[in-house]
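Below is one structure, written out as structure tokens, with a few remarks after it.
The values are calculated or read from the model by the stated rules, or taken from the named source; none is laboratory data. Here the structure is a predicted model, which is why all the values come from computation and not from measurement. We place every Cβ from the backbone using ideal geometry, glycine too, and count neighbours over all the protein chains shown. Remember, those area values only see protein heavy atoms, side chains included, never the ligands or the DNA or RNA. Shrake-Rupley method; radii C 1.70, N 1.55, O 1.52, S 1.80 Å.
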Amino acid sequence: MEQIEYYFKLNGISPLQILKSNSLSLNNEEAFDKDFFNCFKINRKLLFGSKNYKKVAFDLYSTFYKNEFVIKTAFINSKLMNSKAICSEEYPLLDSRIDLISINGKSIAYEIKTKYDNLKRLNKQLFDYSKCFEFVYVICSKNKVNSVKLKVPAYVGIYSYSDKSSKTIFDIERNADYSPNINSRSILATLSDSEMIRLFKESNRDKVLQMFSFDKINLKYKSFLKRKYNKKSTLLREESISLIK
């Protein structure tokens, strides 16, 4: 990567500005090569040799512009790869969308805030997550740790990472406590009628609340998520390996 940085510096190219304003196509190699040339005015194989085009993009973003995709991929590789947890991304929940979830006995929601993100919606997002997941974490750039600590409730855990190196290493700043807001009604609100019938043999949520305890509902919910995202979890792990190796 030093050779790449030298080339960009020599030719007055600002990779950060280019990557922030353009998204390199990852649909296919031909489209990526066209976009890469339009962005950097050079054949990417001259700089990166025979590297897979997705690997090239990941290396570029990791070095010059650590966006959410980079952090999410690195976190899966670093913290979730050796566990038996089922993980998924962009999970829709109530009025929010969780960046990353993992289920392995415990249900955990992760919200990613890079150095380029603001924290305006953070508390609302975390509050939504805490209604359905047992533990909630923020993954943020080190330069945001103090701001996050001041802003979020004490039960929210925090992971940090440094922007100074292309290799993304995570530190635990604070462990999460069990969510004080998790409740059966919110969990049931995330399920469709067909999912309700599959899990509880009943689509009427008020009846289910009368029939089942919170522990039973939560257990069924976690089992449901593990089954639903088992295949996707395998694909996410395989992709993180291929990009970071």
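Averaging the sequence gap over all C-alpha pairs within less than 8 Å and six or more residues apart, then dividing by the number of residues, gives the chain a relative contact order of 17 percent.
Extension gain Gln17-Ala31, at 0.36 nm per residue separation less the Cα-Cα distance, in nm? Kindly include the intermediate steps, with their values, before the conclusion.
Numbers: separation 14, 0.36 × 14 = 5.04 nm, distance 2.05 nm.
In short, 3.0 nm is gained.
Let me make sure I get this right: for segment 164-245, a, b and c are the square roots of the gyration tensor eigenvalues over alpha carbons, sorted descending. Under 1.5 in a/c it's rounded, otherwise prolate if a/b > b/c, else oblate. Which is it? Note, shape of segment 164-245 comes out oblate.
Among the listed pairs Lys20/Lys142; Lys84/Lys201; Lys55/Lys149, a Cα-Cα separation exceeding 32 Å is found for Lys55/Lys149.
Using a cut-off of 13 Å between alpha-carbon atoms, which aspartates and glutamates can reach Lys167, once sequence neighbours fewer than 8 places away in the same chain are excluded? Those aspartates and glutamates meeting the cut-off are Asp59. Spin-label pair Met1-Tyr178: with each label point 7 Å from Cα along the Cα-Cβ axis, the two points sit 4.1 nm from one another.
Using the empirical formula 2.2 N^0.38 Å as the baseline, the Cα radius of gyration of segment 58-101 reaches a ratio of 1.31. Under 14 Å Cα to Cα from Lys106, which aspartates and glutamates show up? Leave out anything in the same chain fewer than 8 places away. Within reach: Glu134, Asp177, Asp215.
The ellipsoid equivalent to the alpha-carbon distribution of segment 1-114 has semi-axes of 32, 15, 13 angstrom, derived from the gyration tensor eigenvalues as √(5λ) and listed largest first. Counting 0.36 nm for each residue step from Arg185 to Asn52 and taking away their Cα separation leaves a gain of 43.3 nm. Working from Cα positions, state the angle (0 to 90°, nearest 10) between the long axis of helix 29-40 and the longest principal axis of the chain. Helix 29-40 and the main axis of the chain meet at about 60 degrees. In the context of the full set of protein chains, the chain has a per residue accessible area of 52 Å² (1.4 Å probe).
Kirkwood radius, segment 117-204, all distinct C-alpha pairs, inverse of mean reciprocal distance: 14.8 Å. Computed from phi, the 3J(HN,Hα) profile of segment 119-132 under the Karplus parametrisation 6.51, -1.76, 1.60 (θ = phi - 60°) reads 10, 4, 9, 4, 4, 5, 4, 5, 5, 4, 4, 5, 6, 10 Hz, with x in place of Gly and Pro. Cross-link partners for Lys41 among the aspartates and glutamates, with Cα-Cα distance under 12 Å and sequence neighbours closer than 8 places in the same chain left out: Asp33. Once you order the gyration tensor axes a ≥ b ≥ c over the Cα atoms, which shape class does segment 61-163 get: rounded for a/c under 1.5, otherwise prolate or oblate by comparing a/b with b/c? Cα axes put segment 61-163 in the oblate bin. Calculate how large, on average over all directions, the projected area of the Cα convex hull of the chain is; give the answer in nm² to one decimal. So the mean shadow area of the Cα hull is 14.4 nm². A simple spin-label model places the labels of Ser147 and Lys207 4.9 nm from each other, with each point 7 Å out along Cα-to-Cβ. Simple spin-label estimate for Ala154 and Ser83 gives 2.4 nm between the two label positions (7 Å along the Cα-to-Cβ direction from each Cα).
In this structure, Ser166 and Ser223 have a Cβ-Cβ separation that, at R0 = 41 Å, corresponds to a calculated FRET efficiency of about 0.60.
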